[in-house]
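Participant: So that we are looking at the same thing, I have put the structure below in structure tokens.
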Amino acid sequence: MKYRHLFFDLDHTLWDFEKNANETLHTLYERHDFARYGTFAVEQFISVYSDINHALWRMYQNNKITQKQLRETRFVRTLTKLGVAEGDIPASISSEFTDILPLKSAVFPYTHEVLDYLKPKYHLHLVTNGFNDVQALKLDSSNLTHYFQELITSEHSGHLKPDPRMFAHALERTGATATESLMIGDNLECDVLGAHNAGIDQVYFNPDKRRHFNTITHEISCLSELKAFL
């Protein structure tokens with residue numbers, strides 16, 4: 001077989017970030033009784049948070065803000081946009097979110113079945129722009145830890161996908177070569193183009209079947225499709 005090492009992204013690829021985050025935001029909405037304001041429902045809270053969080057993550061990935069700024073800013077921006085006075089925003093809400101979220105366990109369909117199938121055949125690793133403490137908890141909570149030999153985070157490597165240095169670090173850490181490696185992820189820029197620029201073949205996980213014009217080694221809309229070529 002051509003490939004010996006498979007590198008997976010975690011959030012939005014194996015671990016269902018949106019579902020787990022939405023459940024966490026529901027909990028925070030109820031815990032802090034945001035309904036008392038009478039101006040926004042939980043669905044609006046989730047929608048506004050999601051937009052702001054995605055924008056801040058793009059800034060973080062482009063090294064424009066720090067991890068601390070990302071964590072401290074997203075709820076302040078969300079709640080002030082929804083009309084909550086900054087002085088009324090619970091000081092603990094950011095830490096509550098990061099405490100609750102990693103304990104959620106939802107994964108994408110066929111995650112465990114596919115990893116059970118791949119583990120005897122390949123060296124499996126994770127390459128993620130997430131934070132060390134949070135990603136390790138997510139893996140434990142969703143019963144994924146035992147599948148992977150290495151958890152490679154941007155926080156540990158000092159670089160963020162799609163920086164080629166992140167992929168070079170992953171190869172060095174695992175003793176893999178680019179030609180025997182395959183990157184599997186949901187993000188066209190960070191996972192697919194990042195791996196391509198590092199000389200690594202790619203699988204674009206595209207469950208929503210978003211239209212694009214990139215040339216990719218493989219594209220799938222369900223993780224079960226990996227079994228067709230691996």
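Participant: Mind checking which residues of the range 63-77 are of a type outside the set (Lys, Arg) and either under 19 Å from Thr24 (Cβ atoms) or in contact (Cβ under 8 Å) with a residue 24 or more places away in the chain (or both)?
Facilitator: Across the range 63-77, the qualifying residues are Asn63, Gln67, Leu70, Glu72, Thr73, Phe75, Val76.
Participant: Tell me, which residue of the range 134-184 that is out of contact with any helix residue (DSSP H, G or I) (no Cβ under 8 Å at 6 or more places or on another chain) and hydrophobic (A, V, I, L, M, F, W, C) is farthest from Ala106 (Cα to Cα)?
Facilitator: Top of the filtered list is Ala168.
Participant: Can you pull out every residue in the range 26-58 that is out of contact with any Phe, Trp or Tyr (no Cβ under 6 Å at 6 or more places or on another chain) and aliphatic (A, V, I, L, M)?
Facilitator: Of everything in the range 26-58, those that are out of contact with any Phe, Trp or Tyr (no Cβ under 6 Å at 6 or more places or on another chain) and aliphatic (A, V, I, L, M) turn out to be Leu28, Ala35, Ala41, Ile46, Val48, Ile52, Ala55, Leu56.
Participant: Need the failing condition index for Ser157 against (1) closer than 22 Å to Cys190 by Cα; (2) of a type outside the set (Val, Ile, Thr); (3) open to solvent by 60 Å² or more (accessible area, probe 1.4 Å), just the number.
Facilitator: Condition (3) is where Ser157 drops out.
Participant: In the range 28-58, how many are in contact (Cβ under 8 Å) with a residue 24 or more places away in the chain, of a type in the set (S, T, N, Q), open to solvent by 50 Å² or more (accessible area, probe 1.4 Å) and assigned to a helix (DSSP H, G or I)?
Facilitator: 1
Participant: In addition: Could you please find all residues in the range 116-151 being charged (D, E, K, R) and over 12 Å from the mean Cα position of the chain (by Cα)?
Facilitator: If the condition is that a residue be charged (D, E, K, R) and over 12 Å from the mean Cα position of the chain (by Cα), then Asp116, Lys119, Lys121, Asp133, Asp140, Glu150 are the ones that fit.
Participant: Scan Thr27, Thr13, Thr98 and give me the residue that is at pLDDT below 95 and closer than 25 Å to Ser142 by Cβ.
Facilitator: Thr98
Participant: Specify the residue that is farthest from Pro162 (Cα to Cα); the eligible residues are those in the range 59-91 that are open to solvent by 50 Å² or more (accessible area, probe 1.4 Å) and of a type in the set (S, T, N, Q).
Facilitator: Filtering the range 59-91 for residues that are open to solvent by 50 Å² or more (accessible area, probe 1.4 Å) and of a type in the set (S, T, N, Q), the one farthest from Pro162 (Cα to Cα) comes out as Thr80.
Participant: Can you go through Glu96, Glu23, Glu18 and tell me which one is open to solvent by 70 Å² or more (accessible area, probe 1.4 Å) and assigned to a helix (DSSP H, G or I)?
Facilitator: Of the residues listed, the single one that is open to solvent by 70 Å² or more (accessible area, probe 1.4 Å) and assigned to a helix (DSSP H, G or I) is Glu23.
Participant: Evaluate the range 205-221: report whether one residue or more is touching a residue at least 60 places away in the same chain (Cβ under 8 Å), open to solvent by 10 Å² or more (accessible area, probe 1.4 Å) and either assigned to a helix (DSSP H, G or I) or within 14 Å of Val127 (Cα to Cα) (or both).
Facilitator: Taking every residue of the range 205-221 in turn, none turns out to be touching a residue at least 60 places away in the same chain (Cβ under 8 Å), open to solvent by 10 Å² or more (accessible area, probe 1.4 Å) and either assigned to a helix (DSSP H, G or I) or within 14 Å of Val127 (Cα to Cα) (or both).
Participant: Of the residues in the range 109-129, how many are among the hydrophobic types (A, V, I, L, M, F, W, C), out of contact with any Leu (no Cβ under 6 Å at 6 or more places or on another chain) and not in a helix (DSSP H, G or I)?
Facilitator: Summing the residues that are among the hydrophobic types (A, V, I, L, M, F, W, C), out of contact with any Leu (no Cβ under 6 Å at 6 or more places or on another chain) and not in a helix (DSSP H, G or I) in the range 109-129 gives 1.
Participant: Answer yes or no: is there a residue in the range 172-190 that is part of a strand (DSSP E or B), of a type in the set (S, T, N, Q), over 18 Å from the mean Cα position of the chain (by Cα) and at pLDDT 95 or above.
Facilitator: Yes, that holds for at least one residue.
The values are calculated or read from the model by the stated rules, or taken from the named source; none is laboratory data. Here the structure is a predicted model, which means the values were calculated and not measured. Cβ: placed from backbone, ideal geometry, glycine included. Neighbour counts: every protein chain shown. With ligands, DNA and RNA removed, areas are computed over all heavy atoms of the protein, side chains included. Shrake-Rupley method; radii C 1.70, N 1.55, O 1.52, S 1.80 Å.
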